[in-house]
Amino acid sequence: ISEENKVAFSEGELHQLREDKNKLLEDKNSINNKKDIFDNISVLLKDSGIKAQIVKKYIPVINKHVNKFLENMNFFINFELDEQFNETIKSRYRDIFSYESFSEGEKMRLNLALIFTWRMISKMRSSTTSNLIFFDEIMDSSLDYDGIDSFFKMMDELGEGTNVFIISHKTDMVDKFTNIIKVEKVKNFSKWIQQ
């Protein structure tokens, strides 16, 4: 091969290598741009990102309503959630408790306060609320008579148009209900008994 051909061949190779280099640089820039986008999305979706901002907005409202519902049930503790949903529960004398340190009846009152609060937050957030609520064996569990009375007062505050169904084995409180559907188990099948 003549010197001229070698030079022409080398220039052709050099030109191709420059084109390959430019293409690789474009690919690298494209990948870096995508990485920057993914990094930004990752920051937004972390617990400290958008979610934290939303939670931060609602935490004071959640704490206020949980404590209001607890007070309505004559359970005088101070319940607080932080932005990571860690709870702090203090008595009126400011002793710190854990959820597990309460009796089953007290836990039920706290659970009910949280249920009613989530329902209220949902209503605030979406401008709608469900008009249907089911409570399964709420009166059969650990609520004492004062707790049950407080529960019914809260039911009265739900407003007209809310349909509450309470499933219970207790028959000593039928006077608290306007409608009763009695169901019995007959040969392993539930059967509706006309009232």
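Of the GluC sites (Glu not before Pro) in segment 60-134, the ones in a loop by DSSP (not H, G, I, E or B) with at most 15 other beta carbons within 10 Å are GLU83. On the basis of the beta-carbon distance and an R0 of 35 Å, ASP175 and SER48 show a calculated FRET efficiency of 0.10. Note on segment 72-195: with neighbouring protein chains present and a 1.4 Å probe, carbon and sulfur make up 50 percent of its accessible heavy-atom surface. For trypsin sites (Lys or Arg not before Pro), the sites in segment 32-84 that DSSP calls loop and that have at most 11 other Cβ atoms within 10 Å are LYS46.
Taking all protein chains together, SER101, SER142, SER150 sort by accessible area into SER101, SER142, SER150, largest first [probe 1.4 Å]. Heavy-atom accessible area with a 1.4 Å probe sorts TYR99, TYR145, largest first, into TYR145, TYR99.
Annotation: per residue accessible area for segment 1-44 equals 95 Å², rounded to a whole number [probe 1.4 Å, protein chains only]. A cut-off under 14 angstrom between Cβ atoms defines the neighbours of ASN5, and their net charge, with Lys, Arg +1 and Asp, Glu -1, is -3. The label point for PHE152 and the one for GLU184, both projected 7 Å from the Cα toward the Cβ, are 2.6 nm apart. Heavy-atom accessible area, probed at 1.4 angstrom with all protein chains present, ranks ILE181, ILE167 as ILE181, ILE167, highest first. The Cβ shell under 12 Å around SER30 holds other residues with a net charge of +1, Lys and Arg each +1, Asp and Glu each -1. When the alpha carbon gyration tensor of segment 99-195 is reduced to an equivalent ellipsoid, the three semi-axes, largest first, read 25, 19, 13 Å. For the pair LYS35 and VAL164, the difference between a 0.36 nm per residue extended length and the Cα-Cα distance amounts to 41.3 nm.
Beyond 25 Å between alpha-carbons counts as too far, so tell me which of LYS107/LYS153; LYS153/LYS191; LYS90/LYS176; LYS153/LYS185 fall in that bin. Over 25 Å apart, Cα to Cα: LYS153/LYS191; LYS90/LYS176; LYS153/LYS185. Pairwise Cα distances in segment 143-195 exceed 18 Å for 42 percent of all pairs. The slack between LYS191 and PHE85, meaning 0.36 nm per residue of separation minus the straight C-alpha distance, is 33.9 nm. Candidate cross-link partners of LYS46 among the lysines, defined by an alpha-carbon separation under 24 Å and a same-chain spacing of 8 or more, comprise LYS34, LYS35, LYS56, LYS57.
Volume of the convex hull of segment 25-138 (Cα atoms only), normalised per residue: 166 Å³. Counting DSSP beta bridges with both partners in the chain, what percentage is antiparallel, nearest 5? Expressed as a percentage, antiparallel bridges in the chain total about 70. Expressed in Å, the radius of gyration and Dmax of the Cα atoms of the chain are 32.1, 112.
The values are calculated or read from the model by the stated rules, or taken from the named source; none is laboratory data. Just so you know, these numbers come straight off a predicted model, no measurement behind them. Counting neighbours? That spans all protein chains shown, and the Cβs are built from the backbone with ideal geometry, glycine included. These accessible areas exclude ligands, DNA and RNA; they are computed on the full protein's heavy atoms, side chains included. Shrake-Rupley method; radii C 1.70, N 1.55, O 1.52, S 1.80 Å.
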